[in-house]
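Worksheet: the structure to be examined is printed underneath.
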């Protein structure tokens, strides 16, 4: 009845994202054996009680403020266990504190869940927290990913709204590299209601509407500020879309594919090496296999800029001592040589 | 792919319950054509954007602060559109304000969605807001219901915790009549891990644990304060369980059954007449057919007490002018003669 009977540990499960993940794992029939973990035991108990009162058939949900108990035997881990972003903060403001949390998560996974098959990290800035988790976890790189879809789904949403077409009629929206201000928005491959993006840029109308170069810039600005906009509108950071998309990532891992959005992936070497960034991936039983996104020269130029931003952030974290220098990563995680 | 393509209007969709309902309708694949309504347009837009960023395949979700637009053509309505309960408040404290909201909802349904097939009201106190909605909506009584499951799922949860058995091994938990302090907890029919409740009360152990009369009283006190307890633990009123259970009610209506919990139903006459209360129901295409719950003499005695409480509340609302006197209901709703 559920896609898997294996154990899923949800870290940060007292929070809005974490408790939503648990509900969504059950409502989408993805998983039913769930360990809810949060250091805030009182709120965690409340969140667990809510899930019990949902009375999902066959659910086996436990809660604990003991990280060892939560992670021991976990086949899958989804962690939203960072501090939330407040109005006015950039993702980067969260860097230091959340990296320390990611380091702890990685060390705990190494200690208690060394056989975890797939870990999804969704606290900001996810490229860096995911990388930090990976380094300290000792897991194979393909087994640690980060939620990277929301920039792309926000682009799809905004283009659909601009042209007044159903969201599904906008395909090929892909943003790669980092998130937020420094994401690389790929133009190549976008199709709106059957019309390739290059034709739209050349003036072709869709559903009676055109998209000028200026409007396209506005669309990009809009999605770069997508997270901040939710905070402004709702008075709280987004929680429904990150949780649902991370559940979809886990479901895709279990099914062996079928996830249509970019995922955070560790790039081992080459031009974009030694970072975790939004990339194309193939879901395999051994983990995600990353591929450098294909796009126009302009797109790849944007990706290089975005990569540079991630490297800068990564090196800040290294300088701050939350992450060892790249050359020392293999000491912590032999897979990263 | 979704259980229905018909239109579902979710009222109060900017709130925690309402926005969770929309997500759960989609995640459970119950419905995809959803109109989100809330008078608070800014928060509503934020909630709708979150749903768009989830990128559910085939979803057709709109949002509007215009109640006419939301309800016109709606086949189903789920309303969480009341004021939330704050710490220390009883459900009854909410009575007056929420009854005025329910009256407005009923009048709007009469005006814009007179062909609605099924309406679920989930704002407190639901017995009274559901009744008020029914009277003013003009709909057949079986087409308006209220969420009534949570007391029963809380009882199931608590008994499972007491005996240390999986939640599913506790069956037959049913609370009827009103909610909160005045619910009628039925003992007849409860079975814990195969052992009927009467045997447990006679001293039989389950999983090495007994349940004394005093402990049983404590269990009941615990569930009577179930809603207040969530507020205490989480710092907010419950939203995940009410939304999931109301989605399950709608799914059951569409499927024609399969919902295992009591539902709020209008009782037209007899000993328990002229109220809406938690009862047994049969799901039919014409709406819910209520049945007076079966139980021991003691259980039915408790139901009478609970009924008396609902009647008292109802009469307070009538005295306050939010609801016409019972004798005048047929003028507002010809089905209620």
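Some observations on this one:
- Looking across region B:193-224 at every residue that is without any contact (Cβ under 8 Å) to a residue 12 or more places away in the chain and within 29 Å of residue A:43 (Cβ to Cβ), the one that is nearest to the chain's Cα centre (by Cα) is identified as B:221.
- Count of residues meeting criterion [free of Cβ contacts under 8 Å to residues at least 40 places away in the same chain and part of a helix (DSSP H, G or I)] in region A:305-332: 10
- Among the residues of region B:9-36, the ones that are under 18 Å from residue B:69 (Cα atoms) and part of a strand (DSSP E or B) come to 8 in all.
- Leading residue by the ranking (surrounded by the most Cβ atoms within 10 Å (Cβ to Cβ)) among those in region B:208-232 that are facing chain A (nearest Cβ under 10 Å) and farther than 13 Å from residue B:154 by Cβ: B:231
- Scanning region A:37-59 for residues that are in contact with a strand residue (DSSP E or B) (Cβ under 7 Å, 6 or more places away or on another chain) and farther than 20 Å from residue B:242 by Cα gives a single hit, A:37.
Table: residues versus (1) in contact with a helix residue (DSSP H, G or I) (Cβ under 8 Å, 6 or more places away or on another chain); (2) assigned by TED's automatic domain parsing to the domain that holds residue B:254; (3) closer than 22 Å to residue B:126 by Cβ; (4) modelled with pLDDT of 95 or more.
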site: B:25; (1), (2), (3), (4): yes, no, yes, yes
site: B:53; (1), (2), (3), (4): yes, no, no, yes
site: B:66; (1), (2), (3), (4): no, no, no, yes
site: B:69; (1), (2), (3), (4): no, no, no, yes
site: B:74; (1), (2), (3), (4): yes, no, yes, yes
site: B:82; (1), (2), (3), (4): yes, no, yes, no
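- Screening residue A:138 with (1) within 30 Å of residue A:101 (Cα to Cα); (2) over 18 Å from the mean Cα position of the chain (by Cα); (3) outside the structural domain of residue A:75 (by TED's automatic domain parsing) gives one miss only, at (3).
- Only residues that are within 11 Å of chain B (Cβ to nearest Cβ) and farther than 29 Å from residue A:228 by Cα were counted in region A:238-257, giving 0.
- Among the residues of region B:25-36, the one identified as under 23 Å from residue A:15 (Cβ atoms) and surrounded by fewer than 24 Cβ atoms within 10 Å (Cβ to Cβ) is B:28.
- Qualifying residue in region A:127-142 (condition: without any contact (Cβ under 8 Å) to a residue 60 or more places away in the chain and within 14 Å of chain B (Cβ to nearest Cβ)): no
- Exactly one residue among A:57, A:39 is under 22 Å from residue B:260 (Cβ atoms) and either away from chain B (no Cβ under 13 Å) or surrounded by fewer than 23 Cβ atoms within 10 Å (Cβ to Cβ) (or both), and that residue is A:57.
- Residue B:39 satisfies every condition listed in (1) more than 19 Å from the chain's Cα centre (by Cα); (2) touching a residue at least 40 places away in the same chain (Cβ under 8 Å) except (2).
- Among the residues of region B:221-250, the ones that are out of contact with any helix residue (DSSP H, G or I) (no Cβ under 9 Å at 6 or more places or on another chain) and under 22 Å from residue B:133 (Cα atoms) come to 1 in all.
- Filter result for residue B:264 (at pLDDT 95 or above, under 18 Å from the mean Cα position of the chain (by Cα) and surrounded by fewer than 24 Cβ atoms within 10 Å (Cβ to Cβ)): no
The values are calculated or read from the model by the stated rules, or taken from the named source; none is laboratory data. The shown structure was predicted, so the numbers you read here are calculated from the model rather than taken from an experiment. As a convention, Cβ positions derive from the backbone with ideal geometry for all residues, glycine included, and neighbour counts pool all protein chains shown.
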